[in-house]
Every structure is written in structure tokens, then in C-alpha cells.
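Readers should treat all values here as calculations from the given coordinates under stated rules, not as data from a laboratory. Here the structure is a predicted model, which means the values were calculated and not measured. Note that each Cβ is placed from the backbone with ideal geometry, even for glycine, and that neighbours are counted across all protein chains shown.
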Amino acid sequence: MKKKNDKGFTLIELLAVIIILGVLLLIAIPAMTGIIEGAKKDSWVSTAKNYISQVRYSALQGDYTLPGKGGCTIVDVKSINLEQGDPTKSVYGQNWEPAYVAIVNLSGADGQDKYTYYFGGCDTEFNSMDWTAENNITRKDVLRRRGYCNVSKGDTIEAITNGASGSQSKCSDP
């Protein structure tokens, strides 16, 4: 009498395992894509804050002109020297087109200079951040737009401050 070989898997068992793996992949891939996209947005926020910090430091060292009362200076990120990374590329690996840091001086009631730093920019794939004040930059400000960029070197102070200044003056180069 022959012995029956019970060591293998049946076709039904193999199909069940393949179906279970397929369902797990359908769930895991979108979740991982969301996590990766969130990490890129967090990196964008960190990079924007690093650009602002470097401009602040360089302005205090005299490398950039601090604007007078009611004035604004715009610095192209391609001219900012960061210790790490390529200043010509966004965190998505695309060229900045355009991206700037703006120094806006909206003096207080006491007449003292009050500098606020803004970041705004797009890359060539239209990943973008509209003009956003340094202390308000969050992951939700990083947008994916197709076809246009809402930031320009010729923007007015009012456009940069989202209407807070009431000034239609154009910003100057450093």
C-alpha cells in the first residue's frame, strides 16, 4: 500500500494566501504613499524655516539689506547658502521656479522696526507654498498645483502679508 504525501499545499490554500496578500497590499500601498507625502511636506516646512533662519542671520551680518519702515526685501533662495542640501532644488527633487524669502518691516505703534519673515515658492512640478509668515508655516501650506505659481518677485507687501499691511509698494532686491 502506498503512503499518501501530505507535505504540500493545495491549490485552494495557495490561492487563499495570494488573495490575502493582495488585500494587504491594496491597504498598505496607499497608507505608505500618504506617509511618504507627509514626510516630504514636513521636510518642505523644515527647509523653508532653514532658508528664513539663514536670511535672518545673513541680514544681521549685513549680507542683505534690512528694509526701512513699511518696506520689504525679497531674497531668491538660489542665492542662500545652506550648510546642507542643494539650494536650487526643492525637497521633491525639482528646481525652484520661483522661491523667495521676504523680509517685511511693519513697524509697530512705538515706531520700532518689526521684521517679519515670509517664505513662498514653487518648484518645476508646481509643488508650492504661497507667501506664509515664518511662525505660521505648517504642512498644510504645502500644495500641489498644476499650471501656476502664486508667488512672484514683483509681489507687493500687501500680497505677501495677505492684506495685513495695506501697502501696494513693491519689494526690493537685497
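Data table
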quantity: GNM top mover of LEU60, LEU14, LEU143 - the chain, alpha-carbon springs below 10 Å; calculated: LEU14
quantity: Residue-averaged [θ]222 nm for the chain, counting only DSSP H segments that reach four residues, each worth -39500 (n - 2.57); calculated: -11000 deg cm²/dmol
quantity: Cβ-Cβ FRET estimate between ASN81 and ASP113, R0 fixed at 30 Å, reported to 0.05; calculated: 0.75
quantity: Listed residue pairs exceeding 20 Å between alpha carbons, taken from LYS49/LYS78; LYS89/LYS170; LYS40/LYS140; LYS89/LYS114; LYS78/LYS140; LYS49/LYS140; calculated: LYS89/LYS170; LYS89/LYS114; LYS78/LYS140
quantity: Summed residue charge, Cβ within 12 Å of ILE35's Cβ, Lys/Arg positive, Asp/Glu negative; calculated: 0
quantity: Whole-angstrom gap from the range 119-150 to the range 42-117, using each part's C-alpha centre; calculated: 14
quantity: Packing-based exposure ordering (other Cβ within 10 Å, fewest first) of ASP42, ASP141; calculated: ASP42, ASP141
quantity: Ascending count of other beta-carbon atoms within 10 Å, so fewest first, for ARG139, ARG146; calculated: ARG146, ARG139
quantity: Residue exposure sequence - TYR148, TYR115, TYR64 - by fewest surrounding Cβ within 10 Å; calculated: TYR148, TYR115, TYR64
quantity: Within a Gaussian network of the chain (alpha carbon springs, distance under 10 Å), most fluctuating of ILE12, ILE74, ILE27; calculated: ILE12
quantity: Convex hull projection area averaged over all views, the range 62-148, Cα basis, nm²; calculated: 6.7
quantity: Rounded D (µm²/s) - the chain, Kirkwood Rh over Cα pairs, Stokes-Einstein at 20 °C, 1.002 mPa s; calculated: 114
